[in-house]
Amino acid sequence: MGELRLMKGNEAVAEAAVRAGCDGYFGYPITPQSEVMEYLMAEKPFERTGMVVLQAESEVAAINMIYGGAGTGKMVMTSSSSPGISLMQEGISYLAGAELPALIVNIVRGGPGLGTIQPSQADYFQAVKGGGHGDYKMLVLAPASVQEMCDHVKLGFDKAFQYRTPVMILSDGAIGQMMEKVVLFDQIPRRTDAEVVAQCPWASNGRPKTRNHNIITSLDLDPAGQERVNLKLQAKYKMMEQNEVLYEEISCDDAEYLFVAFGLSARICQKAIDLARAKGIKVGLFRPITLFPFPATEVSNVGNRVKGILVVEMNAGQMIEDVKLSVGCKVKIEHFGRFGGIIPSPDEVVRALEQKIIGG
Amino acid sequence: MIMEDKFSKTDIQKPENIVYKRTDLLVDRPLSYCPGCGHGTAHRMLMEVIEEMDIMEKTIGVSPVGCSVLAYDFLNIDMLGAAHGRAPALATAIKRMWPDHFVFTYQGDGDLAAIGTGETIHACNRGENITIIFINNGIYGMTGGQMAPTTLPGMRSSTSPYGRDVPTMGHPLKITELVAQLPGVYYVTRQSVHTPSNVRKTKKAIRKAFELQKENKGLCFIEIVSNCNSGWKMTPVQSNKWMEENMFPFYQLGDIKLDGKLVERKETVEKE
């Protein structure tokens, strides 16, 4: 059993990064995620494990530092919030194109534009559908607790290296700021330089006389070559769809109605289930944990057993598109959302279920 | 023909008869640069230094976006291709991750002094122990000859077809003099590769920068003023003459900062 602590979600991300054996964090301050770098700077991981922490001059610089570090085979990460993540989109596209492992944490706030500093889930499309230019995907994890904020850091790094892909933790300002108890996993030693060289034969970290030079790039001017790159990426995404889907079902066995929600909205839905069931409404919750790959088959299996589905999101209706594509047209599917930084209450979620699905 | 009478081909290829050959650290393939361009010479000097210092196994290079976007195809060392302007950000992380390695960026004027100004200034200001090789030819070569931050007043380009008009298009940016002001920067010099003696000076400067990197003295910045005969619409010989007459009076060759101290120099001014 690991160490038990009371922590903010943002702090849990930072502590988990040190414990996961992360080699470098590069970031730029933005509310509501600044505690990640603040915690790291105060914690001095450079003394604990040798991990580098650097405050960059912008999110653009930070994501390109990630590209540089990742291109040498090191385990690197950044965190930011919505406007900062928008600035990073070009860099994320390059990471995907050059097939580099990296972890990016988005503590989402309300938009568009400068928006608000309050929590939101309005970056679902950006995270799941590409965000930057070109045909690419990231593996996207959606934690719903401080515990998962911690666990997803380790999981994210594992998957990033397994698939040589950028991985995003898509959280929000509430989970980043709220305190909960968390069981921290034990320290994993950072890899030595020799281990990095051995584990990442593709990386550019100094050419020994025994091999040709390594090149990290996302450029291939030959269309046939670039198509091969794209086909390779698509095959990788297919493999993720087959092997990496994560989800949770709560009170689904006897459910006549279903909430589908991720992250903070799923937490709210858990309370809404209690309220609804006290009224005699048998409702369950399907919570995608990976947003890409989306648990399409799984949500369809549950969704096609119920009378109606309410997709609850803190946005104007984004994940509902994937739910509809997965479940099909036989079941009524409606959306309930609050946006701009407003967190819906469990009461209004139950009311929405009654009005849009049961009574509607 | 006369040669063939006297020597067979194998005689010429005998090691003792070879007076000039490709450096081992240059890949054996044709360069993508226009004939007459300075990039090839700059590449060679850089690789000669790495070969002579025997640091290939500990060297990581970062190429830019611009004419030298494919530098990694020619330099036979481990390389990363950066997004436009971001090479100093990559190099920062690489050096922090591998502090006992030699890390350099190779960037053009659009990459380093326009879109990447922020990354350039801040990598310099943090005093990252890296070497920046900055090729300044006053034009965007790869995209077809558009105005660069270093284009001289009155100089024609495809986006300043009547010449750079300073009141509406701004002044040419002496970013090298700018970064020399920063305390994190230890050695700054401006060189060229258009004559044999300048080539030798450039190589010496690159060697010095790598030696200083070994000592963790701070950032070393080498500008190489180069021609772009295609972009300038001149023959290689004309372009070198034009460079001497027009570029050098404004981008004055020589050391700008030595041992962390600014060198006293005459201020050069724009001429219309």
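Taking a threshold of 29 Å on the Cα-Cα distance, which of the pairs B:58/B:257; A:74/B:21; A:8/A:271; A:159/B:217 fall above it? Checking Cα-Cα distances, A:74/B:21; A:159/B:217 exceed 29 Å. Compared with the rule-of-thumb size 2.2 N^0.38 Å for a compact globular protein, chain A has a Cα radius of gyration ratio of 1.01.
Could you give the size of the charge dipole of segment A:3-195 about its Cα centre, using +1 on the Cβ of each K and R and -1 on the Cβ of each D and E, expressed in debye and rounded to the nearest 20? Could you put the intermediate results ahead of the total?
On the way: 15 positive and 22 negative charges, 38 e Å.
So the magnitude is around 180 debye.
Counting only Cβ charges, +1 for Lys and Arg and -1 for Asp and Glu, the dipole size of segment B:32-259 around its Cα centre is about 340 debye. Of the beta bridges DSSP finds with both residues in the protein assembly as shown, what % are antiparallel, to the nearest 5? Antiparallel bridges: around 25 percent, rounded to the nearest 5.
Note on segment B:101-254: dipole from Cβ charges, positive end direction compared against B:157, B:132, B:178; the farthest Cα belongs to B:132.
Can you pull out the chymotrypsin sites (Phe, Trp or Tyr not before Pro) in segment B:30-98 whose DSSP state is coil and whose Cβ has at most 13 other Cβ atoms within 10 Å?
For chymotrypsin sites (Phe, Trp or Tyr not before Pro) across segment B:30-98 that sit outside H, G, I, E and B with at most 13 neighbouring Cβ atoms in 10 Å, the list is empty.
Report for chain B the percent antiparallel among DSSP-assigned beta bridges with both residues inside it, nearest 5.
Here the antiparallel bridges make up roughly 25 percent for chain B.
Each principal axis of the protein assembly as shown carries a Cα extent, and these read 102, 56, 49 Å when sorted largest first. Close amide-amide hydrogen proximity is noted between residue A:167 and A:102, A:103, A:104, each under 5 Å apart and 5 or more residues distant or on a separate chain (H modeled in the peptide plane; Pro and chain starts excluded).
In percent, what relative contact order does chain B have, based on Cα pairs under 8 Å that are 6 or more apart in sequence?
17 percent
Contact order for segment A:28-77, expressed relative to its length and based on alpha carbon pairs under 8 Å spaced 6+ residues apart, stands at 28 percent. For the protein assembly as shown, the residue among A:52, A:357, B:228 whose Cα projects farthest onto the positive side of the dipole built from Cβ charges is B:228.
Express in whole angstrom the spacing between the alpha-carbon centres of segment B:147-175 and segment B:181-214. Measuring centre to centre over Cα atoms gives 27 Å.
Here, each number is a calculation from the coordinates, and none is a lab measurement. None of these values were measured; they are calculated from a predicted model. Neighbour counts run over all protein chains shown; Cβ positions are idealised from the backbone, glycine included.
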